[in-house]
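The values are calculated or read from the model by the stated rules, or taken from the named source; none is laboratory data. Being a predicted model, the structure only gives us computed values, none of them experimental. All Cβ positions, glycine included, derive from the backbone under ideal geometry; neighbour counts span all protein chains shown. Accessible surface areas use protein heavy atoms only, side chains included; no ligands, DNA or RNA. Shrake-Rupley method; radii C 1.70, N 1.55, O 1.52, S 1.80 Å.
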2 protein chains.
Amino acid sequence: MEKEVLRKELKVSAIENGTVIDHIPSSTVFQVISILGLSSIDNQVLFGTNLESRKMGTKGIIKVKNMFFAASEINKIALVAPTATLIVIKNFAVVEKKPVFVPDTVEKIVKCFNPNCITNHEAIPTQFQVIDKKELKLRCHYCEKITAKDNMTFIS
Amino acid sequence: MEKEVLRKELKVSAIENGTVIDHIPSSTVFQVISILGLSSIDNQVLFGTNLESRKMGTKGIIKVKNMFFAASEINKIALVAPTATLIVIKNFAVVEKKPVFVPDTVEKIVKCFNPNCITNHEAIPTQFQVIDKKELKLRCHYCEKITAKDNMTFIS
């Protein structure tokens, strides 16, 4: 019985082909899942949170089988997980490993902070220019108001 | 490089002490996480969805390190994951393995279907008697209306 369960646990741990997102802050793993829409796909997905990390104290990790993200897609998560590393696995081998980057523009995933902005009243997707990548400040394409890290809300 | 990553993946897979919830329907893994409040705890949590299962086609699994649930707590998840199995692990060994059961009463986690019910207007926690465990029908303690599986909403 014990052996059976331990084998099963090992079986699900490695992926043959797919994407691993490593070094996610533990506190934002569920935001990353939401941004990438991972709760409603049919692919095999493995996640861990509050895992030990020498670099970060604790970290989260997400593995998605048979899914390869475009850089633009992955860079969205830089907004909530700037420390994240993207690892592409093919045939159990690492073929690519790179950090995420805060993108130049952000579309759809962030809500505009300005209650009077047209994107909060009509069915218009939000669109921002990232004017400060370090402090994370986004200028709305429509109302030009600045949405900053502290008042950033994600559209799930 | 390849070896390093594969080792890391194996490292996170087994838990020394804690609870494994196996055989969760893939479609309700995130509901189980929400019901048990696993997205906001500091314990190590591992989960997988759309995993291969001989019994179920696909299944989800959740492992929580150093956490042991009361039966009443676990039975809540029977409402969304009636196929689930609870496995208690101590020192890497299975010490208990049992199915979940739909409880006799349900408190707080389900919203009453009746819009006029007092629980939808005042800060009173919902409370139901389970009158049909197979078809999943809950009678509200306050308004006596029946909330059934098809119109069941969970309070997250």
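Annotations
- Some residue of the range A:8-20 being at pLDDT 90 or above and within 10 Å of chain B (Cβ to nearest Cβ): yes
- Taken over the range B:75-91, the criterion of being modelled with pLDDT under 90 and within 21 Å of residue B:14 (Cβ to Cβ) is satisfied by no residue.
- Scanning the range A:138-147 for residues that are open to solvent by 70 Å² or more (accessible area, probe 1.4 Å), under 14 Å from residue A:107 (Cα atoms) and touching a residue at least 12 places away in the same chain (Cβ under 8 Å) yields A:141, A:142.
- Hey, residue A:73 within 21 Å of residue A:29 (Cβ to Cβ), touching a Ser or Thr at 6+ places or on another chain (Cβ under 7 Å) and among the acidic types (Asp, Glu) or not: no
- Among the residues making up the range B:100-127, those that are closer than 12 Å to residue B:76 by Cα and either free of Cβ contacts under 8 Å to residues at least 12 places away in the same chain or open to solvent by less than 70 Å² (accessible area, probe 1.4 Å) (or both) are B:100, B:102, B:103, B:106, B:109, B:110.
- Hey, residue B:46 crowded, with 23+ Cβ neighbours inside 10 Å and either touching a Pro at 6+ places or on another chain (Cβ under 7 Å) or more than 9 Å from chain A (Cβ to nearest Cβ) (or both) or not: no
- Here residue A:154 clears all of (1) under 30 Å from residue A:57 (Cβ atoms); (2) free of Cβ contacts under 8 Å to residues at least 60 places away in the same chain; (3) among the aromatic types (Phe, Trp, Tyr) except the condition numbered (2).
- Considering the conditions (1) open to solvent by less than 10 Å² (accessible area, probe 1.4 Å); (2) more than 18 Å from residue B:94 (Cβ to Cβ), residue B:30 is excluded by exactly one of them, (1).
- Residue within the range B:26-41 that is at pLDDT below 95 and more than 16 Å from the chain's Cα centre (by Cα) present: no
- Considering the range B:84-99, the residues that are in contact (Cβ under 8 Å) with a residue 60 or more places away in the chain and open to solvent by less than 70 Å² (accessible area, probe 1.4 Å) include one that is farthest from the other protein chains (Cβ to nearest Cβ), namely B:84.
- Inspection of the range B:62-72 finds no residue satisfying the criterion of being within 28 Å of residue A:42 (Cα to Cα), open to solvent by 60 Å² or more (accessible area, probe 1.4 Å) and of a type in the set (Phe, Trp, Tyr).
- Residues in the range B:70-81 include at least one that is within 14 Å of chain A (Cβ to nearest Cβ), within 29 Å of residue A:64 (Cβ to Cβ) and of a type in the set (A, V, I, L, M, F, W, C).
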